[in-house]
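Notes follow the structure.
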Amino acid sequence: MKPLQLLLALSLFLTACALDRPPTGGPKDTAPLEIISVTPPSSSVNTSPQKIVFSFNRYVPAWSLRKSIVFSPATTDYTLEAGGTDAEIIFTKPLGKNKTYTITLNKSLRSSRGNELEQSYTYAFSTGEKINRGIIGGQVFSSDARPLPRALVLAYSVTNNDTLSFNPLDRTPDYSVQTGRDGKFIFEYLAEGSYRLLALQDKNGDQRLNPENEPFGIGHEELIKTGTLDNIIRLAESQLTPQPVYCSAPASNLLEISFNRSIPVEKFDVSSLTIIDTVSNKQLPVKGFYSTQNTTSAITFRVVTGKLNRKSGYRITYKGNLKSTMCRGTDKERKETVELTGLSPKNDEKTAFLSPTFPKRGRTVDISFNIPVEEESLRQAAKLHLVSGENLSPLAFTLTPVDNRRYTLQANPSFDNGSTYRVDIQLATLVGLDGEQAADSLASSLFTVADTGDFGTIKGTVSGGTGTVVVEALDSTNRLPRRTVVQRDDDSPTDFTIHQLAPGKYTLRAFIPGSPLQQDNELSWDPGNIHPFKPADLFTVNRDTVTVRKGWDTENINIIFPPTSG
């Protein structure tokens, strides 16, 4: 080999060795990113380093470090050098005297192979003789009470010079940290005192709350003192009007519209959707809608409209919000026939639990189609019978749309435990929203509702907090939770029982509504308000999943509310 060729080959070999790329083939590298050492050591005092060196077990790119690093006090007077297993933070101005400085590397920090920290890491040093030792910890939950990993928790220091009316949205947080896999977080090296906490899903990674489309939570206390480790924060979707952010035209009578956040399908008001033809300046009629994912909440909906014009643009607004989105029409025709895609319970099901999915509907049969259908045509096509041996007794029923592809059928009176029913749907009677027809056939489901002995029960106690307490059991399929309401008037534990639970695994959660004057079945958890501040209703979650078995009482479940300052 010629010397030049040898030199090039050696150069390429050394370059390849320097890159932290995953090897081809073999198992994926799932080991967590680790911080091997930091210089100077964390918790050092009487030090004013010009630079800090973090050493990792994997290559860490500079861009990832920049996105995950948080300084307190906040500063921009530094440079960052990274790209290998070491990263250097070099301060460009002298540090303040007698101050504690913290550097948090959030859980989102990734190596070049995608390995993440197991949890956020906080490094601290002091330029004086003492270092701050205050801590605040807790756990963040999603709106449906699941521990929420990678949520961002912001802490705002509140001093005697602050007014409690300050708006966190107008102020840079003093500290921030991300939750771990179990939703838990801890702030370390805080100055002793009081703080206001704000947790959010930081969708755009800017470490600030965008209240229009980022779920957030504020907890049930206005001020949190250092030393508390049992803070519970439950997130909620924004209460602001959803905004359409994208649309397309899959067919000449169909618009697909996406919003900036998820909307419960039951609360999507298609009559508040305004679609304007920007050429003719006329409003386009809307015939119906459906969720693209057939879920209880959705970001994207398909809307059946009047005839679109491929030469026209269409401006879409929702509930009078000035923010809009636009898309062009199409002349692509959609030719489909109506087909039944779901009928639950299935035919010959012997133990149908009919667990409710939507509020105020009780036990229902669920019916779904491939395209939207006229509600009245389904009402004419459907028949419900009580079955007793060879005898069929027709029953009245209530038909309620979820959207125009999905309907629920509820018996009048309700479906009884242990009884057998048959639902028939004469498909030829069905009519789509654009006049589509179905094949001439009969769809049927013969099923028996679960009997009393097929269900299980959860029994336990509630401790902490006083007043009206709502206890809910949420199953793994996200069906509507079963609930019970009890009154707590003193410090002794209060018994609760939740009956008629289908066998399975449940999460137990509870809250104390701030406005308990509603009917029991209408009591809802209030997430509060960030500004002006209004605390969220006191909330808690049982730490362990509860297993319910057929015919059994699952007992000794203890639900404990965190202490309050009130």
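None of the figures in this text is laboratory data; all of them are computed from the coordinates on show. What you see is a predicted model; the values in this text were computed from it and never measured. All Cβ positions, even for glycine, are placed from backbone atoms using ideal geometry, and neighbour counts span all protein chains on display.
The packing ranking of peptides 179-186, 347-354, highest mean first, is 179-186, 347-354, where packing means the average number of other beta carbon atoms within 10 angstrom of each residue. Within segment 455-560, antiparallel bridges make up roughly 80 percent of the DSSP beta bridges whose residues both belong there.
Which parts of segment 528-566 would a label at residue 417 reach, counting a residue when its backbone N lies under 19 Å from a point 7 Å out along Cα-to-Cβ? The answer is 548-555, whose backbone nitrogens lie closer than 19 Å to the label point.
A straight chain from residue 55 to residue 271 at 0.36 nm per residue would run longer than the Cα-Cα distance by 72.0 nm. Checking every one of the trypsin sites (Lys or Arg not before Pro) in segment 92-172 against DSSP loop status and a limit of 16 other Cβ atoms within 10 Å picks out 97, 99, 113, 130, 133, 171. The modelled label-to-label distance for the pair residue 533/residue 360, using points 7 Å beyond Cα in the direction of Cβ, is 3.5 nm. Taking 32 Å as the limit for the C-alpha separation, the pairs 287/311; 107/534; 51/534 exceed it in the case of 51/534.
Distance between the 7 Å Cα→Cβ label points at residue 191 and residue 492: 4.8 nm. As a calculated quantity, the FRET efficiency between residue 85 and residue 28 at R0 = 25 Å, using C-beta atoms, amounts to about 0.80.
Given R₀ = 22 Å, what would the calculated FRET efficiency be for residue 485 paired with residue 515, taking r from the Cβ atoms and rounding to 0.05? All intermediate terms of the calculation are to be shown ahead of the outcome.
Numbers: r = 14 Å, r/R0 = 0.62.
With a Förster radius of 22 Å, E is 0.95.
Karplus-based coupling profile of segment 423-437, in residue order and whole Hz: 10, 10, 10, 7, 4, 5, 7, 6, 9, x, 4, 10, x, 5, 10, with θ = phi - 60° in 6.51 cos²θ - 1.76 cosθ + 1.60 and x standing for Gly or Pro. The trypsin sites (Lys or Arg not before Pro) of segment 201-261 that meet both conditions, a loop assignment by DSSP and at most 14 other Cβ atoms within 10 Å of the site Cβ, are 203.
Basic side chains Lys and Arg get +1 at the Cβ, acidic Asp and Glu get -1 at the Cβ, and with that the dipole of segment 340-453 about its Cα centre reaches some 340 debye.
Subtract the Cα-Cα distance of residue 553 and residue 245 from 0.36 nm times their separation in residues, and report this length gain in nm to one decimal.
Working: separation 308, 0.36 × 308 = 110.88 nm, distance 4.87 nm.
Value of the extension gain: 106.0 nm.
Could you work out how far helix 3-18 tilts from the main Cα principal axis of the chain, as a 0 to 90 degree angle to the nearest 10? Result, in degrees: 70. Under 5 Å from the amide H of residue 298 lie the amide H atoms of 263, 265, each residue being 5 or more positions distant or on a separate chain, with H modelled from the backbone and absent for Pro and chain starts. Comparing 291, 316, 271 along the charge dipole axis of segment 244-328, the residue lying farthest to the positive side is 316, per the Cβ-charge model. Between the listed residues 415, 395, 380, the Cα displaced farthest toward the positive end of the dipole of segment 340-453, a dipole computed from Cβ unit charges relative to the Cα centre, is found at 415. Quick one: Debye curve from the alpha-carbon atoms of segment 35-234 only, equal weights, vacuum; give me log10 I(q)/I(0) at q = 0.18 Å⁻¹ to two decimals. After summing over all Cα pairs, the log10 values are -1.35.
Using the Kirkwood radius built from alpha carbon pairs, what does the Stokes-Einstein equation give as D for segment 455-560 at 4 °C and 1.567 mPa s, in µm² per second?
Using the Kirkwood radius from Cα pairs, D works out to 90 µm²/s.
For a Förster distance of 30 Å, can you work out the FRET efficiency between the beta-carbons of residue 311 and residue 212, rounded to the nearest 0.05? The computed FRET efficiency comes out at 0.35. For residue 284, the residues 5 or more places off, or on other chains, whose built amide H falls under 5 Å of its own are 275, 276, 277. When +1 charges are put on Lys and Arg Cβ atoms and -1 charges on Asp and Glu Cβ atoms, the dipole computed for segment 455-560 relative to its Cα centre reaches about 460 debye. Placing +1 on each Lys and Arg Cβ and -1 on each Asp and Glu Cβ, with no other charges, gives the chain a dipole about its Cα centre of roughly 1660 debye.
Sorting the Cα pairs of the chain by distance into bins of 10 Å, from 0 upward, gives 3, 14, 19, 20, 20, 14, 7, 3, 1, 0 percent per bin.
At 222 nm, what helix-only mean residue ellipticity would the chain give, in deg cm²/dmol to the nearest 500, using -39500 (n - 2.57) for each DSSP H run of four or more?
Values: 3 runs with 30 residues, N = 566.
Helices in the chain give a 222 nm mean residue ellipticity of -1500 deg cm²/dmol.
Residues whose amide H comes within less than 5 Å of that of residue 44, counting only those at least five positions distant or on another chain, are 126 (H built at 1.01 Å from N in the peptide plane). Backbone N atoms of segment 55-84 closer than 13 Å to the 7 Å Cα→Cβ label point of residue 36 belong to residues 55-60, 84.
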